[in-house]
1. Restricting the range 59-75 to residues that are outside any helix (DSSP H, G or I) and touching a residue at least 12 places away in the same chain (Cβ under 8 Å), which is surrounded by the most Cβ atoms within 10 Å (Cβ to Cβ)?
2. Check I55, I30 and return the single one that is farther than 30 Å from W152 by Cβ and surrounded by fewer than 16 Cβ atoms within 10 Å (Cβ to Cβ).
3. Considering only the range 184-194, I want to know if a residue exists there that is more than 20 Å from T79 (Cα to Cα) and surrounded by fewer than 19 Cβ atoms within 10 Å (Cβ to Cβ).
4. Just to be sure, is L12 surrounded by 16 or more Cβ atoms within 10 Å (Cβ to Cβ) and either part of a helix (DSSP H, G or I) or not aliphatic (A, V, I, L, M) (or both)?
5. Take L78 and tell me if it is closer than 20 Å to V179 by Cβ, at pLDDT 90 or above and assigned to a loop (DSSP other than H, G, I, E, B).
6. Where in the range 92-197 are there helices (runs of 4 or more DSSP H), lying fully within it, with 1 or more residues that are in contact (Cβ under 8 Å) with a residue 40 or more places away in the chain and within 14 Å of the chain's Cα centre (by Cα)?
7. Can you find a residue in the range 15-24 that is in contact (Cβ under 8 Å) with a residue 12 or more places away in the chain, of a type in the set (A, V, I, L, M, F, W, C) and exposed (fewer than 15 other Cβ atoms within 10 Å of the Cβ)?
Amino acid sequence: MTAQPESYPARLEVDYPEQLNRLTTLLRIIWIIPILVILVLLTGGEEGVAAGLTIATALMIVVRQRYPRWWFDFARELTRFEGRLTAYLAFLTDQYPSTVDEQSVHIEIDYPDVEQDLNRWLPLVKWLLAIPHYIVLIVLALFAVIAVIVAWFAILITGRYPRGLFDFVVGVLRWALRVQAYAFLLVTDRYPPFSLR
């Protein structure tokens, strides 16, 4: 019996939809506007709450070797909400993004034991160490956008998301989540694998 590899502290799964609604797919870019407004108001844009939370968490880890549980809970729930919104925008689900319920997008992020699991000084450079991932993710994101556009046409014609495209887009989102968990949520010191799985 072989040992199973330990799972990464940030995991993403999206339930594959057997059938998607052609009308909601066609009008998705319009119907997503209200929930996007809520996200922007909640976060203050990309440089708002998320950046402040990353900096504050890094300082807490460096100075006090603590990661306040309520900060972690807020960051995890915000990440889950963003994941549901992204999945809806990428046509991975027909369910309008909930601000509360998990729906078909399953994001798990493990709370770290700061003193045992995290190097106190690494939060100062994690964002820098992740540069190779940013480069790969930029290229993958471009291909994912093309995949989503192709999937949009496929859904309008057949009502189904091509399974290969679905798995690729979810894989890119999974990879991005691991990099986010490492460099910005600061929940692990394990370098993210270069993998869609």
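The values are calculated or read from the model by the stated rules, or taken from the named source; none is laboratory data. Everything quoted here is computed from the prediction, not taken from an experiment. Neighbour counts run over all protein chains shown; Cβ positions are idealised from the backbone, glycine included.
1. Ranking the qualifying residues of the range 59-75, first place goes to Y67.
2. Result of the check over I55, I30: I55.
3. Start the filter on the range 184-194 by keeping residues that are more than 20 Å from T79 (Cα to Cα), which leaves 194.
This time we only want the ones that are surrounded by fewer than 19 Cβ atoms within 10 Å (Cβ to Cβ), so: 194.
Among the residues of the range 184-194, at least one is more than 20 Å from T79 (Cα to Cα) and surrounded by fewer than 19 Cβ atoms within 10 Å (Cβ to Cβ), which makes the answer yes.
4. No, not satisfied.
5. On the way: closer than 20 Å to V179 by Cβ: yes; at pLDDT 90 or above: yes; assigned to a loop (DSSP other than H, G, I, E, B): no.
It is false that L78 is closer than 20 Å to V179 by Cβ, at pLDDT 90 or above and assigned to a loop (DSSP other than H, G, I, E, B).
6. Answer list for the range 92-197: 131-158, 163-183.
7. The answer is no; no qualifying residue exists.
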